[in-house]
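Novice: Below is a structure I'd like to ask you about.
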Amino acid sequence: MNVWARAMERVDALIDSLLRWDEQTLQTISEHPGLKRMSTLLISATYMGDGYLWGGLALGLILFGRPIDRSYVILGVGTMIASIAIFRMFKTLFARPRPILVVSPLRSKFLDNYSFPSGHATTSFALAWVISVCYPHILIQVAIYLAAITISLSRVYMREHYPLDVICGALLGTFTAIYLLPLLQRVVF
């Protein structure tokens, strides 16, 4: 067997191992007794991650904020649009099926068919980055990242995503914001 074939076997074994971990971790998180006690919070976080949290923050800043806050909203909207376009492209490219869903029929109507990467995690972490840069106060940064983490965890808890979907979505959103924010700041300011 040549070197290339052995390398491909190792890559295949690594991917199989990673996917087994993903399935086992999904099961562990979705059935964890400690998380079941937080079920109301996690279900609420999933719905808030549909855009209500971010839209509410933006609306509050537009209505009650300073002129600079309105400029920050523009940065956030630009980053969110780019994040959505990027995660949609990746979902189409990878076409990873979602875990077997155990959700209400109403909730399932709002879900697309693909799982990788998590759109909730992508947009939440992209906006968390923007907010933490625009408002460099430790309490704001901790609160916004706790919100992003809770929204992302809720996606696995509700079995709408695998853990790797959420981890990669968080990384994708963060990197998108890191690279896009300086460009948007030049345009807005």
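Novice: Which order results if TYR157, TYR145 are arranged by neighbouring Cβ count within 10 Å, fewest first?
Specialist: Ranked by crowding around the Cβ, least crowded first: TYR145, TYR157.
Novice: Just need log10 I(q)/I(0) for the chain at q = 0.13, 0.19 Å⁻¹, Debye formula, equal scatterers on the alpha-carbon atoms, no solvent, rounded to two decimals.
Specialist: -0.72, -1.28
Novice: Counting only trypsin sites (Lys or Arg not before Pro) that are in a DSSP loop and have at most 16 other C-beta atoms within 10 Å, tell me the longest site-free stretch of the chain.
Specialist: 110-189
Novice: If the elastic network links every pair of Cα atoms under 10 Å, which of SER132, SER124, SER83 fluctuates the most in the Gaussian network model of the chain?
Specialist: Maximum among the listed residues: SER132.
Novice: Still on this structure, I have one more. Can you list residues from other chains, or at least 5 along the same chain, whose modelled amide H is less than 5 Å from the amide H of ARG96?
Specialist: For ARG96, whose amide H was placed from the backbone, the distant partners under 5 Å are SER115, PHE116.
Novice: Based solely on its DSSP helices, what 222 nm [θ] is calculated for the chain when runs of n ≥ 4 H residues each add -39,500 (n - 2.57) and the sum is averaged over all residues, nearest 500 deg cm²/dmol?
Specialist: Result for the chain, helices only: -26000 deg cm²/dmol.
Novice: Across the stretch 94-99, in residue order, what do the Karplus-derived ³J(HN,Hα) couplings come to in whole Hz, using 6.51 cos²θ - 1.76 cosθ + 1.60 with θ = phi - 60° and x for Gly and Pro?
Specialist: Each residue's phi maps through the Karplus curve to give 8, 6, 7, x, 5, x Hz.
Novice: Give me a comma-separated list of calculated 3J(HN,Hα) values for the stretch 72-78, in order, Karplus coefficients 6.51, -1.76, 1.60 applied at θ = phi - 60°, integers in Hz, x for any Gly or Pro.
Specialist: Coupling constants for the stretch 72-78: 5, 4, 4, 4, x, 5, x Hz.
Novice: Give the whole-number value, in cubic angstrom per residue, of the convex hull volume spanned by the C-alpha atoms of the stretch 1-68.
Specialist: Each residue corresponds to 160 Å³ of Cα convex hull volume.
Novice: How big is the equivalent ellipsoid of the stretch 61-104 along its three axes, where each semi-axis is √(5λ) from the Cα gyration tensor, reported in whole Å from largest to smallest?
Specialist: Semi-axes (√(5λ), whole Å): 34, 16, 4.
Novice: A further question follows. I'd like the distance between the alpha-carbon centres of the stretch 20-79 and the stretch 114-159, rounded to an integer number of Å.
Specialist: Using only Cα atoms, the two centres lie 6 Å from each other.
Novice: Sticking with this one: When a footprinting reagent is the concern and you count Cβ atoms within 10 Å, what order do ILE86, ILE15 take, fewest first?
Specialist: Lowest count first: ILE15, ILE86.
Novice: Still on this structure, please answer the following. In a GNM of the chain with a 10 Å cut-off on Cα contacts, which of LEU61, LEU111, LEU171 has the highest mean-square fluctuation?
Specialist: Greatest mean-square fluctuation among the candidates belongs to LEU111.
Novice: Another question, then. Using Cα pairs closer than 8 Å and at least 6 residues apart in sequence, work out the relative contact order for the chain, in percent.
Specialist: Taking the mean separation of contacting Cα pairs over the length of the chain, I get 30 percent.
Novice: Return ASP69, ASP165 ranked ascending by Cβ neighbour count within 10 Å, so the fewest neighbours appear first.
Specialist: Taking fewest neighbouring Cβ atoms as first place, the list is ASP69, ASP165.
Throughout, read-outs are computed from the coordinates displayed, never taken from laboratory work. If you're wondering where the values come from, they're calculated on a predicted model, not measured in any experiment. With ideal geometry, Cβ positions are generated from the backbone for all residues, glycine too; neighbour counts draw on all protein chains shown.
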